[in-house]
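Read the structure below first, then the notes.
Any read-out appearing in this document is the output of simple, stated calculations on the displayed coordinates, not a laboratory observation. These figures come from a predicted structure and were not determined experimentally. Every residue, glycine among them, receives a Cβ derived from its backbone with ideal geometry; neighbour counts consider all protein chains shown.
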Amino acid sequence: MSSLISSYGLPRRSFLGLAVLLAANPAFTLGDARQPIFLSAASDRDDKHWLKAFTRNNDQLELLYSHQLNERAHAVTLNNKADIFVTVARRPGTSLLVGEVQSGGILQEVQAPGGRHFYGHGVFSADDNYFYTTENDYEDMQGDSGRIGVWRISNTAAEAGGEIVLERVNEFASYGVGPHELLLMPDEETLVIANGGIRTHPDLERDKLNIESMQPSLTYIDRQSGTLLEQKRLPAEFHQASIRHIDINAQGQIALSMQFEGEPFVRAPLVASHQRGEAIQSMLAPEQVQSQMAQYVGSIRYDQSGRFLVASCPRANMLTFWDVETGEFIRQLRARDACGVCAYEDGFLYSAGTGQIRYYDLIQRSVTDFTMSDDFSRGLFWDNHLVVA
């Protein structure tokens, strides 16, 4: 166990509330008999890129399967009902890899259309018929170049023994520049998109071309027609706060995380929440903590109760925890280069660029280390996101 935790006196009532939530809902407790499968992209010291899947056996993490990728992936998207995963290439990558979660079998590799690249994220429709990706139309260097790729999921059982196939059928505007993470709202018909606002071009590596004029937004569109339903922005003085990652709870409340591209001394919001029809609500940590966050949040996720958030700050070597119901910062946890986070049991599993994977228990306020075999973890750098099936 570890105790590298700082508290600011806010969380006692929050965590008493969490204990009640967990006690009242067995789905949130440790007794889930289903064996979890965790998936993440990773890279190694030889600059090879991987998809890794592993499970937990008490205090040990065991590798289930591993696939070398043609290019670096960013996030893995799951469809548990169909038992498939899709890895999405990091900007400016152009590949999707489709496979089976349980067996690890590869079903298909797909390339982005010409003039497009991915931004590392995708989401399935609730009916399992479509997959959506955030993309850049990099031939459009003036207008809103963000695109949402629409892929139909075909089960070719009669022709190909039941394989899943992604087929490009349409694309929508994202109504912004640099769309990053997108998710499906609880109504199952609305896509919510984090338009980061940063213009890039694959010929210019990872240069950011419009920092002075960027206009990030949180955007809602109809998943079937692409119609713009709602769009929100931060106050004008924070137009350089690039909205990159989001999560949703059962009530449809969006958690947002930002990466601020302005002056380092500006106390810009890095965590916020949004409810449809309202303004974005910024959430600030105490000044000392806010200044330590290095103007960068790498990933954000709700816990299983849907009330508490973790926002990872890999550049600051820490995780931050928040109560969305009250808007309060709860505490920070020192965690070197930690970025990938997912809700698990009574807290969060988190992965780091150092190759470590740990578990933070919200109730006990404790950290659990796991042992991993050398062939699993040696020389491995976990990418930004971690998911559990």
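Neighbour counts of C-beta atoms inside 10 Å place Y360, Y344, Y138 in the sequence Y138, Y344, Y360, starting with the fewest.
What's the FRET efficiency of Q275 with D127 using the Cβ-Cβ distance as r and R₀ = 22 Å, to the nearest 0.05? E between Q275 and D127, to the nearest 0.05, is 0.30. Between I280, I243, I198, the Gaussian network model of the chain with springs among Cα atoms under 10 angstrom shows the greatest mean-square fluctuation at I280.
Ellipticity at 222 nm from helices only: DSSP H runs of n ≥ 4 in the chain, each -39500 (n - 2.57), divided by the residue count, give -1500 deg cm²/dmol.
Counting charges near D247 (Lys, Arg +1; Asp, Glu -1) among other residues having Cβ under 11 Å from its Cβ returns a value of -1. A Cβ-based charge dipole, computed about the Cα centre of segment 70-233 with Lys and Arg at +1 and Asp and Glu at -1, lands at about 440 debye. Going by the alpha-carbon gyration tensor, a ≥ b ≥ c the square roots of its eigenvalues, is segment 142-240 rounded (a/c under 1.5) or, if a/c is not under 1.5, prolate (a/b greater than b/c) versus oblate? Here segment 142-240 falls in the oblate category.
Label sites at Q35 and T326, each approximated as a point 7 angstrom past Cα along Cα to Cβ, lie 4.1 nm apart. Between Q108 and Q224, the modelled labels are 2.2 nm apart [label points 7 Å from Cα along Cα→Cβ].
Taking a Cβ cut-off of under 11 Å around V150, the surrounding Lys, Arg, Asp and Glu residues balance to a net charge of +1, with basic ones at +1 and acidic ones at -1.
Scanning residues 5 or more positions from R331 or on other chains, those with amide H under 5 Å from its amide H are F321, with H placed 1.01 Å from N in the peptide plane.
Using 0.36 nm per residue and subtracting the Cα-Cα separation, the extra length available between Q68 and A294 on full extension is 78.1 nm. Looking at segment 52-110, the GluC sites (Glu not before Pro) that sit in a DSSP loop and have at most 16 other Cβ atoms within 10 Å of their own Cβ are E71. Taking other C-beta atoms within 10 Å as the exposure proxy, M141, M185 rank M141, M185 from fewest upward.
Between V150, V177, V266, the residue with the greatest mean-square fluctuation in the GNM of the chain (Cα pairs under 10 Å linked by springs) is V266.
Computed from backbone phi with θ = phi - 60° and the Karplus coefficients 6.51, -1.76 and 1.60, the 3J(HN,Hα) list for segment 316-330 is 9, 6, 7, 10, 10, 10, 9, 9, 6, 4, 9, x, 8, 6, 9 Hz; x is used for glycine and proline. With neighbours defined as other Cβ atoms within 10 Å of a residue's Cβ, the residues R378, R147, R152 order from fewest to most as R378, R152, R147. A Cβ-based charge dipole, computed about the Cα centre of the chain with Lys and Arg at +1 and Asp and Glu at -1, lands at about 960 debye.
Between the labelled values (i) 1.02; (ii) 0.94; (iii) 1.05, the entry that holds Rg/Rh (Cα atoms, Kirkwood Rh) as derived from this structure is (ii). Here the simple spin-label model places points 7 Å from the Cα toward Cβ, and for D44 and N57 these points are separated by 2.1 nm. Between K81, K52, K208, the Gaussian network model of the chain with springs among Cα atoms under 10 angstrom shows the greatest mean-square fluctuation at K81. Within the straight-line cut-off of under 25 Å between alpha carbons, the lysines reachable from K81 are K52, sequence neighbours fewer than 8 places apart in one chain being disregarded.
The trypsin sites (Lys or Arg not before Pro) found in segment 315-353 that occupy coil by DSSP, while having at most 13 further C-beta atoms within 10 Å, are R336. Our coupling estimate for segment 176-192, obtained by passing each phi through the Karplus curve with A = 6.51, B = -1.76, C = 1.60 and θ = phi - 60°, is x, 10, x, x, 10, 7, 9, 9, 9, 6, x, 6, 6, 10, 10, 9, 10 Hz, Gly and Pro reported as x. Take 88-96, 217-225 and order them by the average number of nearby Cβ atoms within 10 Å per residue, most first; the result is 88-96, 217-225. The residue list Q111, N210, T190 was ranked by how far each Cα lies along the charge dipole of the chain toward its positive end, using unit charges on Cβ atoms, and N210 comes out on top. How charged is the neighbourhood of V101? Take every other residue with its Cβ under 11 Å from the Cβ of V101, and add Lys/Arg as +1 and Asp/Glu as -1. Residues near V101 contribute -1 overall.
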